[in-house]
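**Student:** Quick one: this structure, given as structure tokens, is what I'll be asking you about.
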Amino acid sequence: MTNIIEAILYASEEELTVKQISEILLSFKIDLKPAEIEESIEKLNESYTANDNSFEIIKIAGGYQFATKARYAHFVGKLRTETQKKKLSQSALETLAIIAYKQPITRSNIEFIRGVNVDYIVNSLLERDLITIMGRAKSPGRPILYGTTKNFLKVLGMNSLEDLPRLKEINEILKTEKIEGITEADIDLFNSMNNPEAIKNNAAEEMIQNTEQEKDTEQTEKDEKELKDRDDDRTGEIGSNTLFSNN
């Protein structure tokens, strides 16, 4: 029975839940309890460890799947080219982090935290199946709510969102260790996510500045229009006077 479960998992391109494995077995009139299936998977992993195999069965995104052991990841990674798997940009990673920790979240709230337009990035993350539409908020306008997908868990090698490290833990790691690819901007991002009041103040300050700039622009346009209207009136008066003087 263990070999059958092994064959099923090996042949599947996607992770399989215990329920899915059970349904496949039932189609062949093999009735196993969930605990028995999990016990078989555990025995398989024990045999892989005993034989020092380079692979194992991992629990990921709520299901089970064959995977190369972590210590061989560097070698397997050589098989992947940039065309097969393009890296996410820094801004996309920041946006994805916000969605992961704050989900469900609206696009406007993401922009509120990041301080920039995220239309293109959100659409890109949707295309990559890293985020999904979870519904609509009850606030005015019923804006769309976004959250992470099952594929997001698979990419990060996690079984559930509970496996996400807490922001405080990340902050401590960033403070004490120098990690390749982590910049000061990343640290500022996680700090700001831990300090909603600072986000609000920064956003409010930026909003005030933008409002003042808009007022200045409107006033300038108004002044220019008034000046043009005066010039037009003067031109009209001169034309009228010339006409009467000729007569």
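**Student:** Which ranges mark the helices (runs of 4 or more DSSP H) fully within region 93-164 that have 3 or more residues being in the same structural domain as residue 18 (by TED's automatic domain parsing)?
**Tutor:** The helices (runs of 4 or more DSSP H) meeting that bar number zero.
**Student:** Going by the structure shown, is residue 75 part of a loop (DSSP other than H, G, I, E, B) and aromatic (Phe, Trp, Tyr)?
**Tutor:** No; evaluated as a whole, the condition is false for this residue.
**Student:** Same structure, new question: Considering only residues that are more than 10 Å from the chain's Cα centre (by Cα) and not small (Gly, Ala, Ser), which ones fall in region 130-147?
**Tutor:** 133, 134, 136, 138, 140, 142, 143, 144, 145
**Student:** Same structure again: What pairs come out if I take residues in region 50-63 that are part of a loop (DSSP other than H, G, I, E, B) and pair them with residues that are exposed (fewer than 13 other Cβ atoms within 10 Å of the Cβ) whose C-beta lies under 7 Å away, six or more apart or interchain?
**Tutor:** 54/72; 62/160
**Student:** Looking at region 86-99, I want the residues that are closer than 13 Å to residue 124 by Cβ and surrounded by 13 or more Cβ atoms within 10 Å (Cβ to Cβ) and have a partner that is of a type in the set (Phe, Trp, Tyr) and at pLDDT 80 or above with Cβ atoms under 8 Å, at least 6 apart or on another chain. Which pairs are those?
**Tutor:** 96/152; 99/146
**Student:** It is to be established whether one or more residues within region 50-63 are out of contact with any strand residue (DSSP E or B) (no Cβ under 8 Å at 6 or more places or on another chain) and among the aromatic types (Phe, Trp, Tyr).
**Tutor:** no
**Student:** Could you identify the single residue in 30, 41 that is closer than 29 Å to residue 164 by Cα and not assigned by TED's automatic domain parsing to the domain that holds residue 152?
**Tutor:** 41
**Student:** Within region 108-166, restricting attention to residues that are in contact with a strand residue (DSSP E or B) (Cβ under 8 Å, 6 or more places away or on another chain) and of a type in the set (Phe, Trp, Tyr), which residue is surrounded by the fewest Cβ atoms within 10 Å (Cβ to Cβ)?
**Tutor:** By that ranking, first place goes to 152.
The values are calculated or read from the model by the stated rules, or taken from the named source; none is laboratory data. Fair warning: this is a prediction, and the values are worked out from it, not measured in the lab. Here Cβ is always computed from backbone atoms with ideal geometry, including for glycine, and neighbour counts include all displayed protein chains.
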